[in-house]
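Quick notes on the structure that follows.
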Amino acid sequence: MFRKRSIVLFVLLWSYGLISYGQGVKVACIGNSVTFGYGLKNPATESYPSVLQGLLGQKYVVKNFGLSGATLLKNGHRPYYKTKQFEEVMSFKPDIAIIHLGLNDTDPRDWPEFKDDFKADYSWLLDTLRKQNPDVKLFICRLTPIFNGHPRFKSGTRDWYWQIQEQIPAVAKANHTGIIDLTSALYNRPDLFADNLHPDKEGAAIIAKTVYENLTGNYGGLKLPEIFTDHMVFQRNKPITIYGTANSNEQIKVLFNNKNLITTADNQGKWKVLFPEMPHGGPYQLSVQSGKKTICLTDILIGDVWLCSGQSNMSFTLSSAKTGKAELTQIKENKIRLFKFNQYAETNDTPWDARTLEQVNQLKYFSGSWTLTTSETAAGFSAIGYYFGKKIAEESGVPIGLIQLAVGGSTIESWIDRYTMEHDAQLVDVLTDWRKSDFIQEWARARANVNLKEASNPKQRHPYEPIYNYEAGVAMLTQFPIKGVIWYQGESNVQNVDLYKHAFPVLVNSWRKKWGYNFPFYYVQLSSIDRPSWPYFRDAQRKLLQVIPNSGMAISSDVGDSLNVHPNRKMEVGQRLALLALKNTYHKHLTASGPVISNARQEKNNIILSFTEAKKLSTRGGEPLIGFKFVNLKGYHFIAKATIVNNKVTLKIPQGETIKEVLYAWEPFTRANLVNEAGLPTSTFSIPIN
């Protein structure tokens, strides 16, 4: 394998004119402390240039010209062009130069004063290298990460870093150089950066591999993402997007629905083709061919793809649901397909072994494939997702693909991407020392500490960590078109309702931005349980409907369990989510939600409550109406007697009381029973008196 790889690289470099008889190809690695190998036990063998030498082989001479603290800017505090290393590079006259400079230019002594010089100074360096060897092949690098723990992160480094990143592609284009993306290679691996700036041995090896791939074009040949398997579902009425990786400049032939498309992998080994959008139907076959390798997928449907995400109540299996066993006996052949992202290890109350810790750090936590819906495959799938998909398929007649990506106990912050978290004024501080942070729920921190008990790396990753589930899971899907999202999460964030009110819209907006369109987002309001903060949290979720467009909320408080955070009545919840989608996304004429409070006004000795989404107010089972409370001028809460009159709720004000607010279903575990003609319940709410 190594001999074949060397031959391929030799031929590639010969075509560039970089090989002559009697000498090796000279490769200069120019940079700062990251190139030098600062912090490594043995930079001479562990720095990325040293590892790159081993990858390239003996026909190449790789030299490390890294210098700690060096700036690209000529007016910087330690300009590279004034150093001994620069003189040595010029004397070396490299055939290939890899330049990774810019990290130190984020210093407050440099960027604020001299940022306008960056492009010119970089161009000067490239021109100077070409004067020494007009045939030199130049590559400039997008920067390795600076993580949020860096002491100057919020004071300037974060923003200046990204300003520099924006200029690097322009420098590459203006100077006709190659560009190597070290950011993407390491931006999701904070565990490799003990001091938030310098990668460890594994990180240096990743840099070397990334540089090697860019030099040789060897990305391991033709590959499709994990979401592409037999039985998959493509999103209807959107361009059919088929993408993957291959060796750079390889021709890719894609055959789908009797149409052929041909493309070429780019310098980073990435390729993508778009077939015209199609109505629902199938099954189809897909063939992707490059060189001698062909990948064939069968039994592909065109339909609607829904992502089912959140924490344990979303991952709660159909076999464990109250109606699950009966449902499993009735499953017949249908057009629902399931993709469950299985976890490498559960977040249960046990320490993880060394292999698990390594897999988690490397983001190899989720895996799965598309399956038919059978009693066997559905048993371990999300009960809520299954019931949602079943009802949508029955009512719409469209094939449905359900992707389950949920982690029990996970925090909302774990589902948001790094760039969004870093640049959000409220959320950026959640990233700091999360296992000791009050921003993260105490239970979640305690469970993570159990799982990570045997970890030696203080930056060991975990699915409850901010950003982790996005990087390990969601990031795999953002190029794959979906119809929308159903979401059940919040139990691990009830300790800070105010932060959740901010974080949830951030999550929704960031996902929509990543996918590139405003898909519907339907979520479940937390159910009932004897935990004090839950009424406040449920009310916050209700109010977020006014903040998040194209959203809907399914109420579950009437199917809760006073002692169990995992109530087993999942059929009702999945069907209520489906009603929201059927009405708002599929445009069916039906009642999709329970009564929605719209107004509270005082008329003499009564408070009159008006509701929308209620042609006929009633109570569950015809019982007396309960669940209302008054809040008086002094802040005392007391029960309000309620009746339904003329399709409104009338509350009698006790003599001598001044009422400021009305509460409904304001107990942690509530038996409040107001419903509409469809039997759908009313949300927990608080409303001031007009």
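Here's a check for you: in the range 277-332, which residue that is more than 24 Å from ALA406 (Cβ to Cβ) and among the basic types (Lys, Arg) is nearest to the chain's Cα centre (by Cα)? Steps first, answer last, please.
Our first condition is that a residue be more than 24 Å from ALA406 (Cβ to Cβ); within the range 277-332, this holds for 277-300, 302, 329-330, 332.
Filter once more, keeping what is among the basic types (Lys, Arg): 292-293, 332.
On the way: LYS292: 35, LYS293: 31, LYS332: 34 Å.
Selected residue: LYS293.
Taking into account only those residues within the range 323-345 that are loosely packed, with under 15 Cβ neighbours inside 10 Å and out of contact with any strand residue (DSSP E or B) (no Cβ under 9 Å at 6 or more places or on another chain), which is modelled with the lowest pLDDT?
Initial filter on the range 323-345 (loosely packed, with under 15 Cβ neighbours inside 10 Å): 325-326, 329-330, 332-333, 342.
When the remaining residues are screened for being out of contact with any strand residue (DSSP E or B) (no Cβ under 9 Å at 6 or more places or on another chain), the result is 325-326, 329-330, 332.
Working: LYS325: 97, ALA326: 97, THR329: 97, GLN330: 95, LYS332: 91.
Result: LYS332.
Can you say whether LYS514 is out of contact with any His (no Cβ under 7 Å at 6 or more places or on another chain), within 17 Å of PHE685 (Cβ to Cβ), in contact (Cβ under 8 Å) with a residue 12 or more places away in the chain and not hydroxyl-bearing (Ser, Thr, Tyr), as far as the supplied structure shows? So LYS514 does not fit the description; no. Residue pairs whose Cβ atoms lie under 8 Å apart, separated by 6 or more positions or on different chains, with the first residue in the range 601-626 and within 15 Å of ALA665 (Cβ to Cβ) and the second small (Gly, Ala, Ser) and surrounded by 11 or more Cβ atoms within 10 Å (Cβ to Cβ), are LEU609/ALA600; PHE611/SER598; ARG620/GLY679; LEU625/ALA642; ILE626/ALA642; ILE626/ALA672.
Within the range 538-565, if we keep just the residues that are in contact with an Asp or Glu (Cβ under 9 Å, 6 or more places away or on another chain) and in contact (Cβ under 8 Å) with a residue 40 or more places away in the chain, the residue that is farthest from ARG671 (Cα to Cα) turns out to be ALA540. Within the range 248-286, being of a type in the set (Ser, Thr, Tyr) and out of contact with any Lys or Arg (no Cβ under 8 Å at 6 or more places or on another chain) holds for SER248, THR264, TYR284. Taken over the range 579-610, the criterion of being crowded, with 19+ Cβ neighbours inside 10 Å and closer than 20 Å to THR684 by Cα is satisfied by LEU579, LEU580, ALA592, SER593, GLY594, PRO595, ILE597, ALA600, ILE607, LEU609. Residues of the range 662-673 include none that is surrounded by fewer than 14 Cβ atoms within 10 Å (Cβ to Cβ), of a type outside the set (Phe, Trp, Tyr) and not assigned by TED's automatic domain parsing to the domain that holds GLY560.
Whenever a residue of the range 45-61 is among the acidic types (Asp, Glu), its partners that are in a helix (DSSP H, G or I) and at pLDDT 95 or above, lying with C-beta atoms within less than 6 angstrom and at least six residues away or across chains, give the pairs GLU46/LYS201; GLU46/ALA204.
With respect to ALA472, is the statement that it is farther than 30 Å from HIS280 by Cβ and either modelled with pLDDT under 95 or in contact with a strand residue (DSSP E or B) (Cβ under 9 Å, 6 or more places away or on another chain) (or both) true?
Details: farther than 30 Å from HIS280 by Cβ: yes; either modelled with pLDDT under 95 or in contact with a strand residue (DSSP E or B) (Cβ under 9 Å, 6 or more places away or on another chain) (or both): yes.
When the stated conditions are applied, ALA472 passes them.
Pairs meeting the criteria (first residue in the range 429-454 and farther than 11 Å from GLY409 by Cβ, second residue in a helix (DSSP H, G or I) and among the basic types (Lys, Arg), beta carbons under 8 Å, at least 6 apart or on different chains) are TRP434/ARG445; ARG435/ARG445; LYS436/ARG445; SER437/ARG445; ASN449/ARG435; LEU452/ARG435. Please determine, by comparing only the residues of the range 635-649 that are aliphatic (A, V, I, L, M) and assigned to a strand (DSSP E or B), which one is farthest from VAL675 (Cα to Cα). Among those that are aliphatic (A, V, I, L, M) and assigned to a strand (DSSP E or B), it is ILE639.
Have a look at LYS364, LYS459, LYS453 and point out the one that is in contact with an Asp or Glu (Cβ under 6 Å, 6 or more places away or on another chain), surrounded by fewer than 20 Cβ atoms within 10 Å (Cβ to Cβ) and of a type in the set (Lys, Arg).
Details: LYS364 fails: in contact with an Asp or Glu (Cβ under 6 Å, 6 or more places away or on another chain); LYS453 fails: in contact with an Asp or Glu (Cβ under 6 Å, 6 or more places away or on another chain).
Selected residue: LYS459, the only one of LYS364, LYS459, LYS453 that is in contact with an Asp or Glu (Cβ under 6 Å, 6 or more places away or on another chain), surrounded by fewer than 20 Cβ atoms within 10 Å (Cβ to Cβ) and of a type in the set (Lys, Arg).
Would you kindly identify the helices (runs of 4 or more DSSP H) lying entirely within the range 491-605 that contain at least 3 residues that are among the basic types (Lys, Arg)? Reasoning before the result, please.
Details: elements: 497-515, 534-543, 571-584.
The qualifying helices (runs of 4 or more DSSP H) are 497-515, 534-543.
Tallying residues that are in contact with a helix residue (DSSP H, G or I) (Cβ under 6 Å, 6 or more places away or on another chain) and surrounded by fewer than 24 Cβ atoms within 10 Å (Cβ to Cβ) within the range 89-105 yields 2.
Just to be sure before I move on: is ALA455 in a loop (DSSP other than H, G, I, E, B), within 18 Å of TRP352 (Cβ to Cβ), more than 18 Å from the chain's Cα centre (by Cα) and of a type in the set (A, V, I, L, M) in the structure I sent?
Numbers: in a loop (DSSP other than H, G, I, E, B): yes; within 18 Å of TRP352 (Cβ to Cβ): yes; more than 18 Å from the chain's Cα centre (by Cα): yes; of a type in the set (A, V, I, L, M): yes.
When the stated conditions are applied, ALA455 passes them.
When the residues of the range 506-539 are filtered to those that are buried (at least 20 other Cβ atoms within 10 Å of the Cβ) and small (Gly, Ala, Ser), the one that is farthest from ILE482 (Cα to Cα) is SER528.
Considering each residue of the range 569-585 in turn, at least one proves to be assigned by TED's automatic domain parsing to the domain that holds LYS513, more than 26 Å from ILE482 (Cβ to Cβ) and either hydrophobic (A, V, I, L, M, F, W, C) or touching a helix residue (DSSP H, G or I) at 6+ places or on another chain (Cβ under 7 Å) (or both).
Within the range 62-88, the residues that satisfy the criterion of being crowded, with 24+ Cβ neighbours inside 10 Å, among the hydrophobic types (A, V, I, L, M, F, W, C) and either touching a residue at least 40 places away in the same chain (Cβ under 8 Å) or part of a helix (DSSP H, G or I) (or both) are LEU72, LEU73.
Looking for something in the same structural domain as ASP135 (by TED's automatic domain parsing), within 14 Å of TYR212 (Cα to Cα), at pLDDT 95 or above and of a type in the set (Val, Ile, Thr) - is there at least one such residue anywhere in the range 37-60? Yes, some residue in the range 37-60 is in the same structural domain as ASP135 (by TED's automatic domain parsing), within 14 Å of TYR212 (Cα to Cα), at pLDDT 95 or above and of a type in the set (Val, Ile, Thr). I'm checking my understanding of the structure. Among residues of the range 394-436 that are surrounded by fewer than 17 Cβ atoms within 10 Å (Cβ to Cβ) and polar (S, T, N, Q), which one is nearest to PHE480 (Cα to Cα)? Of everything passing the filter in the range 394-436, GLN426 is nearest to PHE480 (Cα to Cα). Of all residues in the range 191-205, those that are over 18 Å from GLY31 (Cα atoms) have Cβ atoms under 8 Å from Cβ atoms of residues that are in a loop (DSSP other than H, G, I, E, B) and acidic (Asp, Glu), 6 or more apart or on another chain, in LEU192/ASP200; ALA194/ASP200.
When only residues in the range 620-634 that are in contact with a strand residue (DSSP E or B) (Cβ under 8 Å, 6 or more places away or on another chain) and farther than 30 Å from LEU590 by Cβ count, which is surrounded by the fewest Cβ atoms within 10 Å (Cβ to Cβ)? Explain how you work it out, then say what you get.
Pass one, the range 620-634, residues in contact with a strand residue (DSSP E or B) (Cβ under 8 Å, 6 or more places away or on another chain): 620, 625-633.
Filter once more, so that each one left must be farther than 30 Å from LEU590 by Cβ: 629-633.
Numbers: LYS629: 20, PHE630: 23, VAL631: 19, ASN632: 16, LEU633: 9.
Ranking the candidates gives LEU633 first.
Taken over the range 379-438, residues that are touching a strand residue (DSSP E or B) at 6+ places or on another chain (Cβ under 7 Å) and part of a loop (DSSP other than H, G, I, E, B) amount to 5. Among the residues making up the range 106-133, those that are crowded, with 22+ Cβ neighbours inside 10 Å and either more than 19 Å from PHE65 (Cβ to Cβ) or outside the structural domain of PHE36 (by TED's automatic domain parsing) (or both) are THR106, ASP110, TRP111, PHE118. Restricted to strands (runs of 3 or more DSSP E) entirely inside the range 256-328, those with at least 1 residues that are within 16 Å of THR373 (Cβ to Cβ) and outside the structural domain of GLY574 (by TED's automatic domain parsing) are 281-290, 293-310.
Being assigned to a loop (DSSP other than H, G, I, E, B) and touching a residue at least 40 places away in the same chain (Cβ under 8 Å) holds for only one residue in ASP105, ASP121, ASP117, ASP135, and it is ASP135.
The values are calculated or read from the model by the stated rules, or taken from the named source; none is laboratory data. On a predicted model such as this, the values are computed, not experimentally measured, just so you know. Cβ sites come from the backbone with ideal geometry, for glycine too, and all protein chains shown count toward neighbours.
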